[in-house]
1. Does region 1-42 hold any residues that are part of a helix (DSSP H, G or I) and surrounded by 12 or more Cβ atoms within 10 Å (Cβ to Cβ), and which are they?
2. Determine, yes or no, whether SER84 is at pLDDT 95 or above and over 15 Å from the mean Cα position of the chain (by Cα).
3. Is there any pair with a first residue in region 77-90 that is within 9 Å of ILE112 (Cα to Cα) and a second that is of a type in the set (A, V, I, L, M) and open to solvent by 40 Å² or more (accessible area, probe 1.4 Å) whose Cβ atoms are under 6 Å apart and which are 6 or more apart or on different chains, and what are they?
4. Considering SER92, SER68, SER88, which residue is part of a strand (DSSP E or B) and open to solvent by 20 Å² or more (accessible area, probe 1.4 Å)?
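The values are calculated or read from the model by the stated rules, or taken from the named source; none is laboratory data. Please read these numbers as outputs of a predicted model, since none were measured by experiment. In this analysis, Cβ positions are derived from the backbone assuming ideal geometry, glycine residues included, and neighbour counts consider all displayed protein chains. Accessible surface is based on the protein model in full, side chains and every heavy atom, while ligands, DNA and RNA are left aside. Shrake-Rupley method; radii C 1.70, N 1.55, O 1.52, S 1.80 Å.
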Amino acid sequence: MNDTFLAVLEHEGVVTIISSSAGAYHVVNTWNSYVKADGDKLYIPAAGMHSIEQDLIENNQVLLTIGSREVEGLIGPGTGFHISGTASFISSGEILDQMKAEFPFLTRVLEIKVTGIEQKI
């Protein structure tokens with residue numbers, strides 16, 4: 001993950017998470033400020049996301065879109081990214097405890113191992 005992507009996470013915006021199974025797509029949204037980056041992983045607090053959880057049984061591949069109009073992009077103000085990765089849910093342990101301290105509403109954490117990142121604008 002590069003500096004531009006990390007700067008996007010410092011500004012508020014909508015994150016879209018897309019999963020699929022059996023030919024159907026499911027979409028959930030969260031906020032940039034909820035996403036925590038650590039190495040090649042993203043951690044996102046989850047209170048719902050049940051459709052994504054069901055999809056992961058068959059297909060653990062996800063696509064995210066993340067952007068901010070506050071960060072300089074490739075052609076001017078604003079930039080966005082497509083992130084591909086493999087996903088799983090964490091329901092116990094140190095990462096859950098750390099995230100729950102900041103986001104007491106969560107029931108588990110969506111962990112995404114980033115396999116690709118592409119700046120779009």
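1. Taking region 1-42 and keeping what is part of a helix (DSSP H, G or I), we get 3-9, 32-34.
Correct list: THR4, PHE5, ALA7, VAL8, LEU9, ASN32, SER33, TYR34.
2. Values: at pLDDT 95 or above: yes; over 15 Å from the mean Cα position of the chain (by Cα): no.
Against the criterion (at pLDDT 95 or above and over 15 Å from the mean Cα position of the chain (by Cα)), SER84 does not qualify.
3. Here the result reads SER84/LEU63, each pair linking region 77-90 to a residue that is of a type in the set (A, V, I, L, M) and open to solvent by 40 Å² or more (accessible area, probe 1.4 Å).
4. Details: SER92 fails: part of a strand (DSSP E or B); SER68 fails: open to solvent by 20 Å² or more (accessible area, probe 1.4 Å).
It is SER88.
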